[in-house]
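Remarks on the structure that follows.
The values are calculated or read from the model by the stated rules, or taken from the named source; none is laboratory data. Please read all numbers here as calculations on a predicted model, not as lab measurements. Here the Cβ positions follow ideal geometry from the backbone for every residue, glycine too, while neighbour counts run over all protein chains shown.
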């Protein structure tokens, strides 16, 4: 956190505002996060380290002054203040005010704001949907106007479909654009968020947003609506962590309405994000479509997303066809701030409504009745519909014809001697059958009854079966037994990694050995900037040695926008390939103490660029490679 107010800002302070008063003030005014029926979070940030106090109380009838009779104080001083208010009443209006005192004794105090706790399970629900509030210089007013409109509609809460800011690692994008423009709404209504690609999985997102662990995916219920919040910047293919979690979360849901929220579109007719439609065809979506089978299997009603800066509503879709009874409605609401885009010049088979305008949406839900509206930045209604669920609507309980797949527990994919693996089913009545030779399990396969001890490399496949014999999808893990790879005897090496720089347009890493580099040199750290690349459409290969302090199992990582791969001693350890945002990806390998060959390949398509790599320490977490570890010939 910044401790001193930047000089260039001090020089530009408004007349009458001293440097000290600027320092002793709010950097981020109070805002609300993650409300439940009996709790809510209040956050704010001060320029200087300061104490933390929230005064609050229930709104009283015929009050002459605001009731702020309850106080929470957190010991110590800090810049970023996060306070959980607990033991609140359900569906109740409260007032609150925050107060911080700096070391110099200056009191920083907010006005009195209001909030309401989450409604009861059977109460009416009204929420706003926004996406892509990031800054753009053509319409810099957009997010402020959308926030104002949302405030005027008085929702219970706000759903944000990602790309809150333009550059997630740039603090000023948060403190000078997102929070100031959104304050009118965020100080009154809690906002539930998912990560967009522009957040770059930055720590600032996790600092400012409060969501249940692991934060990048989670679920919550508000009234009779359950939301499933997903990070489509990460792997969502079948068998991935989020896919497996979502399958179980949906299977356990008894909510009347089920809504999935993530950043990237499963269905979209945007003009050039999924193929240049001025000269060719479009894929009409992203890897988020991997989740569609789960939405259809478990009766999800809506999938909400952003990413493309447009409004689009689909017909109800089921099994790649319009299906008015069983279909899922997909709504692209990416119009809260980012520069507007346009559509494919021809209409897709799934499109119901289109609008290229800054906008937001609202959902009003009571029992089995729903009213939807889409409104532009001036409050003009441009799309609306109503939906009514029958009492015996099968969709409310999902269309599942098979049990959810079993989950792996406490797994290590790479091991030296033995490995212990456990499996669990969602229901105790479900039997798990497995194989260790890579073949498909059936009811005649070995039944899982206790943790397995793996003694050799193998592929374990498993299915869950109901008492009537219905089978889940197959889940699998490949385990590798290996001795530590021997270290290299290297002499005459020097600090840094040797790099080769290429230019070209790719959606996956190319075969660099068949290409001629533009230039070569040595870099001291793993990043894209030292090679002085152009803005887009380039590639890098970094090669040399990494010096490891002990014989151990090591977890390597890359974080790249776009694709990257990391090889150790010629073996692919981290596969982070593809045209994507700033993804983290990991891989394990057992290595002897000493130096080992390292090779990192990277390409940048367009937009943001990033390449980072390092090791995961069991105590410190992700630690970037430091120059003392790296060398080359």
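Observations on the model:
- Selection status of residue 544, surrounded by fewer than 16 Cβ atoms within 10 Å (Cβ to Cβ), farther than 30 Å from residue 425 by Cα, touching a strand residue (DSSP E or B) at 6+ places or on another chain (Cβ under 9 Å) and outside the structural domain of residue 234 (by TED's automatic domain parsing): no
- Taking segment 289-363 and the strands (runs of 3 or more DSSP E) fully enclosed by it, the elements with 3 or more residues that are closer than 25 Å to residue 246 by Cα are at 302-305, 311-314, 329-333.
- Screening residue 139 against (1) touching a strand residue (DSSP E or B) at 6+ places or on another chain (Cβ under 6 Å); (2) in a loop (DSSP other than H, G, I, E, B); (3) closer than 16 Å to residue 357 by Cα leaves a single unmet condition, (1).
- Scanning segment 191-203 for any residue that is in contact with a strand residue (DSSP E or B) (Cβ under 8 Å, 6 or more places away or on another chain) and farther than 28 Å from residue 84 by Cα turns up at least one such residue.
- Residue 173 farther than 21 Å from residue 80 by Cβ, in the same structural domain as residue 379 (by TED's automatic domain parsing) and modelled with pLDDT of 95 or more: no
- Strands (runs of 3 or more DSSP E) completely within segment 583-633 that count 2 or more residues being more than 23 Å from residue 235 (Cα to Cα): 583-591, 594-604, 630-632
- Residue within segment 71-82 that is within 30 Å of residue 224 (Cα to Cα), assigned by TED's automatic domain parsing to the domain that holds residue 108, in a strand (DSSP E or B) and at pLDDT 95 or above present: yes
- Residue count for segment 295-352, restricted to those that are in contact with a helix residue (DSSP H, G or I) (Cβ under 6 Å, 6 or more places away or on another chain), surrounded by fewer than 23 Cβ atoms within 10 Å (Cβ to Cβ) and more than 16 Å from residue 257 (Cβ to Cβ): 1.
- Checking each residue in segment 154-170 for being farther than 22 Å from residue 339 by Cβ and out of contact with any strand residue (DSSP E or B) (no Cβ under 6 Å at 6 or more places or on another chain) picks out only 154.
Quick grid of which residues meet (1) at pLDDT 95 or above; (2) farther than 30 Å from residue 323 by Cα:
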residue: 374; (1), (2): yes, no
residue: 382; (1), (2): yes, no
residue: 401; (1), (2): no, no
residue: 412; (1), (2): no, yes
residue: 424; (1), (2): yes, yes
residue: 428; (1), (2): no, yes
residue: 447; (1), (2): yes, yes
residue: 462; (1), (2): yes, yes
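- Residue check for residue 235: surrounded by fewer than 21 Cβ atoms within 10 Å (Cβ to Cβ), under 15 Å from the mean Cα position of the chain (by Cα) and assigned to a loop (DSSP other than H, G, I, E, B): yes
- Condition met for residue 283 (surrounded by fewer than 20 Cβ atoms within 10 Å (Cβ to Cβ), within 19 Å of residue 607 (Cβ to Cβ) and in contact with a strand residue (DSSP E or B) (Cβ under 7 Å, 6 or more places away or on another chain)): yes
- Filter pass, residue 163 being at pLDDT 95 or above, at positive phi and not in a strand (DSSP E or B): yes
- Lone qualifier among 366, 360 - being closer than 30 Å to residue 305 by Cβ and in contact with a helix residue (DSSP H, G or I) (Cβ under 8 Å, 6 or more places away or on another chain): 360
- Looking across segment 164-179, the residues that are within 19 Å of residue 26 (Cα to Cα) and either crowded, with 20+ Cβ neighbours inside 10 Å or in contact (Cβ under 8 Å) with a residue 60 or more places away in the chain (or both) come down to 171, 173, 174, 175, 177, 178, 179.
To keep it simple, each residue is scored yes or no on (1) in contact with a helix residue (DSSP H, G or I) (Cβ under 8 Å, 6 or more places away or on another chain); (2) without any contact (Cβ under 8 Å) to a residue 12 or more places away in the chain; (3) at positive phi; (4) surrounded by 15 or more Cβ atoms within 10 Å (Cβ to Cβ).
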| site | (1), (2), (3), (4) |
| --- | --- |
| 77 | no, no, no, yes |
| 87 | no, no, yes, no |
| 101 | no, no, no, yes |
| 136 | yes, no, no, yes |
| 148 | yes, no, no, yes |
| 152 | no, no, no, no |
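- Any hit, segment 178-194, residues being in a loop (DSSP other than H, G, I, E, B), touching a helix residue (DSSP H, G or I) at 6+ places or on another chain (Cβ under 8 Å) and not assigned by TED's automatic domain parsing to the domain that holds residue 65: yes
- Residue match in segment 402-411 (condition: touching a residue at least 40 places away in the same chain (Cβ under 8 Å) and outside any loop (DSSP other than H, G, I, E, B)): yes
- Among all positions in segment 545-563, there is no residue which is over 22 Å from the mean Cα position of the chain (by Cα), free of Cβ contacts under 8 Å to residues at least 40 places away in the same chain, farther than 20 Å from residue 412 by Cβ and not in a strand (DSSP E or B).
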